[in-house]
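No lab work stands behind these numbers, since they all come straight from the coordinates. Keep in mind that what you see is a predicted model, and the values were worked out from it rather than measured. Every residue, glycine as well, gets a Cβ built from its backbone with ideal geometry; the counts of neighbours run over all protein chains shown.
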Amino acid sequence: MKTILSRPVYGTLSPQAGKSHLLIADAEGASAILDLAKKAPEDFFAHAHIMFIPGRTGDSFQASLKALKPAQYYEGPSVAAALPRLNWTLANAHMGLRMYLAGTEGLIGQMMQAAIEAGIDPASIQTEHRGSWARRIQCVHCKGITENVTTQPATCSHCGLLLLVRDHYSKRHAAFQGVCINAEDPTEIPQTEEIFR
Amino acid sequence: MGINFRKETFRDDFTFRNSPENIRRFPFPYHEDAYMYSVNIEPHVPGPKNSVFEHLVDVDEHYVSEMQDRAMVLAEDPLRCQSLPHMTLAGWDLLELLMTEKAASYPEHFSLTREGDRWHWINRPLGIDDTFTFGDVSTLPYGPMEYITRQSQGDFAILDQRDNNLWMDAGMITTQADWSLDFDIGMNFFEWHAPVPLAHEMGVFTRALKFLTNIQQGKPARRLNWTMTINPRLDTSPENFHKWGSDRLTVTPENVGEKVHLRVELQSFWRLPRSNALVFPIRCYLLKMDELVTVPKWARRFHRVLRDLPVELAEYKGLTRYRQTTVEWLSKYDDGAPTSPGFSPD
Ligand code: HEM
């Protein structure tokens, strides 16, 4: 896949040495946790906290995640809903906490943002992309964030401008940049294609 | 004799223009009849009289009007000026640099008197006379970076240096060639340059970063970059692209001379003493095509550069819509005669 240097590169989750483990996933990201479990030492999940946002995968992963017997298991409806719990967890974390993020770029980016806020070294965080390539974009004009963008171009959910979804990515905003696609000639309405699946 | 500051606008009725003397000192950016990206960095040392390099921090006839335009941009969009919390010391460094340079180069317009930490700054063109305590933010009407860059032409990015990289952690960006400080703040050198075509593959950025991280205090460096702008608009930000983008469709063979501008950025790099940060002033100079062709060598050369520019660069710089019209207009001023090497008008 062609990419540019502002965009994060994702890896493959693998169990790290640490006193406790915080694993966060959305949708198909759950399968990355299940794959990590196959490589993990026996007592790994006794010191693990799993936070899961099922999204479009509905009920498919809950049973297998719970079967890992994590010390804490949480399920939430959205990233926004999960953030207060995450912030509490990070604020009260001891040295030696390891973080693992898996799923969509939107989830990884926003959880990473919260972790950096809490003073965690981003280089110590494991990430793996799974599932949808839907993008979270910041409209450069009105600054509003539009979630789950799958099309090129996309309409800003705040100001309504038709945006070119760029590859340029800001970790601070956990978002790609959206720039008005027909600013030069507003009468040009390019065809909308579903490309970020 | 002091500078004769013009009263003019960079929006709406666009009354900006250059005086004949100011045209001659324009930093024409091509030393030959073709252009490609390169690591074009040289020491920033004082240059010839009546050039933009005469003083290390150049103040010209557009100063007062440019500062008024900046104030308007900031009133509309305060996010154009941002500084992450660890960058305040670098802001004081920058304030010192700009005040001392301006006062030394233009004593008739600026003066600075220091008694310990009590500083007295007079900026006559803008009617400012302030006394403050260096290092004490509460004694200035704005943070130190914002205070001094509201009084200094050009954009400013302040880069924190750590992990062998530069991080864009503060800036005053109101006259930018289509990039967003609000989006790029916190990025490193490779990340904020990510959208630039070809140059990464050419190794330009790896070499440039190595050079920049080694810059020593008192030994600033500089380079020129360029693009083009329709109408003398300073605020060609992505934030407002939906408002100015359609200017590019208004170019006709009849109005090229008045509407199309060569936009040159004199970029310099300075190590700051207390913070060890690097400051990157991006000073923007605009020249109308009508003004450019008053120098025959520049007319010939710019015609050839624009005609032969690689398409990736033309796309990236946003020239596609009016490039052909402009090249045709310029061709009338190119008799095919050879041009002399170097930047100077001849
Ligand atoms: C540390 C100081 C510097 C800063 C803050 C800076 C910032 C920027 C920014 C924000 C852009 C626009 C990128 C975009 O499209 O979003 C840019 C473009 C660019 N930069 Fe830098 N830059 C710096 C130093 C350099 C140096 C030393 C070079 C090298 C040789 C360089 C070469 C370029 C080039 C070739 C472009 C594309 C410009 C065009 O085609 O118009 N930059 N820079």
Yes or no: residue B:232 within 21 Å of the chain's Cα centre (by Cα), in a loop (DSSP other than H, G, I, E, B) and surrounded by 22 or more Cβ atoms within 10 Å (Cβ to Cβ)? yes
Taking into account only those residues within the range B:294-310 that are under 25 Å from residue B:58 (Cα atoms) and buried (at least 21 other Cβ atoms within 10 Å of the Cβ), which is farthest from the ligand (Cβ to nearest atom)? B:298
Of the residues in the range B:200-219 that are surrounded by fewer than 19 Cβ atoms within 10 Å (Cβ to Cβ) and of a type in the set (Gly, Ala, Ser), the one that is nearest to the ligand (Cβ to nearest atom) is B:203
Are any of the residues in the range B:76-99 in a loop (DSSP other than H, G, I, E, B), touching a Pro at 6+ places or on another chain (Cβ under 8 Å) and away from the ligand (no atom under 16 Å from the Cβ)? no
Flag if residue A:29 is within 14 Å of chain B (Cβ to nearest Cβ) and buried (at least 22 other Cβ atoms within 10 Å of the Cβ): no
Do the conditions hold for residue B:240, that is, is it more than 11 Å from the ligand (Cβ to nearest atom) and within 14 Å of chain A (Cβ to nearest Cβ)? yes
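Looking at B:192, B:226, can you tell me which residue is under 18 Å from the mean Cα position of the chain (by Cα), within 14 Å of chain A (Cβ to nearest Cβ) and aromatic (Phe, Trp, Tyr)?
Only one candidate qualifies: B:192.
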Across the range B:163-180, which residue is farthest from residue A:122 (Cα to Cα) among those that are more than 9 Å from the ligand (Cβ to nearest atom), hydrophobic (A, V, I, L, M, F, W, C) and within 14 Å of chain A (Cβ to nearest Cβ)? B:170
In the set B:286, B:313, the lone residue that is within 16 Å of the ligand (Cβ to nearest atom), within 30 Å of residue B:172 (Cβ to Cβ) and part of a helix (DSSP H, G or I) is B:313
Matching helices (runs of 4 or more DSSP H) fully within the range A:24-99 where at least 1 residues are over 15 Å from residue A:114 (Cα atoms): A:29-39, A:62-67
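I'm trying to understand the selection: among the residues of the range B:235-260, which are hydroxyl-bearing (Ser, Thr, Tyr), buried (at least 19 other Cβ atoms within 10 Å of the Cβ) and in a loop (DSSP other than H, G, I, E, B)?
B:237, the sole residue that qualifies.
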What residue, among those in the range B:54-107 that are of a type in the set (S, T, N, Q) and free of Cβ contacts under 8 Å to residues at least 40 places away in the same chain, is nearest to residue B:278 (Cα to Cα)? B:100
Of the conditions (1) aromatic (Phe, Trp, Tyr); (2) over 19 Å from the mean Cα position of the chain (by Cα); (3) near the ligand (Cβ under 8 Å from one of its atoms), the single one that residue B:183 does not satisfy is (3)
Quick count over the range A:156-191, residues being closer than 21 Å to residue A:80 by Cα and either charged (D, E, K, R) or buried (at least 19 other Cβ atoms within 10 Å of the Cβ) (or both), is 10
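How many residues, within the range B:130-162, are in a helix (DSSP H, G or I), within 19 Å of residue B:67 (Cβ to Cβ) and either within 16 Å of the ligand (Cβ to nearest atom) or touching a strand residue (DSSP E or B) at 6+ places or on another chain (Cβ under 7 Å) (or both)? Can you show your working first?
Let us first name the residues in the range B:130-162 that are in a helix (DSSP H, G or I), namely B:137-139, B:144-149.
Narrowing the set further to residues that are within 19 Å of residue B:67 (Cβ to Cβ) leaves B:144-149.
This time we only want the ones that are either within 16 Å of the ligand (Cβ to nearest atom) or touching a strand residue (DSSP E or B) at 6+ places or on another chain (Cβ under 7 Å) (or both), so: B:145-146, B:149.
Summing the residues that are in a helix (DSSP H, G or I), within 19 Å of residue B:67 (Cβ to Cβ) and either within 16 Å of the ligand (Cβ to nearest atom) or touching a strand residue (DSSP E or B) at 6+ places or on another chain (Cβ under 7 Å) (or both) in the range B:130-162 gives 3.
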The lone condition residue B:110 fails out of (1) away from the ligand (no atom under 16 Å from the Cβ); (2) within 23 Å of residue B:88 (Cα to Cα); (3) touching a Lys or Arg at 6+ places or on another chain (Cβ under 6 Å) is (2)
Scanning for something within 9 Å of the ligand (Cβ to nearest atom), more than 23 Å from residue B:67 (Cα to Cα) and surrounded by 22 or more Cβ atoms within 10 Å (Cβ to Cβ), does the range B:189-199 turn up at least one residue? yes
Within the range B:326-338, the count of residues that are crowded, with 17+ Cβ neighbours inside 10 Å and part of a helix (DSSP H, G or I) comes to 4
Residue set B:269, B:211, B:183; condition at the interface with another protein chain (Cβ under 9 Å from one of its Cβ atoms) and outside any loop (DSSP other than H, G, I, E, B); output residue B:183
Out of curiosity, is residue A:96 farther than 22 Å from residue B:191 by Cα, away from chain B (no Cβ under 13 Å) and in contact (Cβ under 8 Å) with a residue 12 or more places away in the chain? yes
